[in-house]
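Have a look at the structure below, then the notes.
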Amino acid sequence: MYFQLAFESLCVIANALSLLEVGELSVCSFGESVKMLHPLHEQFTAQSGAKLLQQFTFDQKKTKIAEVCM
C-alpha cells in the first residue's frame, strides 16, 4: 500500500531531523487543497506524530501544484 510508504518515510524524516536537533518540523498535506497538519510552533512528539498520521486521507483526486508552492 502506497500510504504505508508515505507514513514510514515521514517517520524516518522526522526521526532524522530530531537526531540532527533541527528544532522545528512542519507538515502539510496537499492535493486539491493544502492543509497544515503540524505547524512549526508546536513541538513534534510521539503523540503529535500519531495524531498527524490520523489526519492523512489520500482521497483527493488531483494535485494543484501551484497552491503547494505558495
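Name the residue that is modelled with the lowest pLDDT, counting only residues in region 41-70 that are open to solvent by 70 Å² or more (accessible area, probe 1.4 Å) and in a helix (DSSP H, G or I). Among them, the one singled out is Glu67. Any idea how many residues of region 18-35 are over 12 Å from the mean Cα position of the chain (by Cα) and either in contact (Cβ under 8 Å) with a residue 12 or more places away in the chain or at positive phi (or both)? Count: 7. Taking (1) part of a helix (DSSP H, G or I); (2) open to solvent by less than 90 Å² (accessible area, probe 1.4 Å) in turn, Gly23 satisfies each apart from (1). Report yes if Ser26 is in contact with a Pro (Cβ under 7 Å, 6 or more places away or on another chain) and of a type outside the set (A, V, I, L, M), otherwise no. Against the criterion (in contact with a Pro (Cβ under 7 Å, 6 or more places away or on another chain) and of a type outside the set (A, V, I, L, M)), Ser26 qualifies. Filtering region 5-16 to residues that are among the aliphatic types (A, V, I, L, M), closer than 19 Å to Gln55 by Cβ and either without any contact (Cβ under 8 Å) to a residue 40 or more places away in the chain or open to solvent by 50 Å² or more (accessible area, probe 1.4 Å) (or both) leaves Leu5, Val12, Ile13, Ala14.
The values are calculated or read from the model by the stated rules, or taken from the named source; none is laboratory data. All of these numbers come straight from a predicted model, not from anything done at the bench. Counting neighbours? That spans all protein chains shown, and the Cβs are built from the backbone with ideal geometry, glycine included. What goes into the accessible areas is simple: the full protein's heavy atoms, side chains included, and nothing from ligands, DNA or RNA. Shrake-Rupley method; radii C 1.70, N 1.55, O 1.52, S 1.80 Å.
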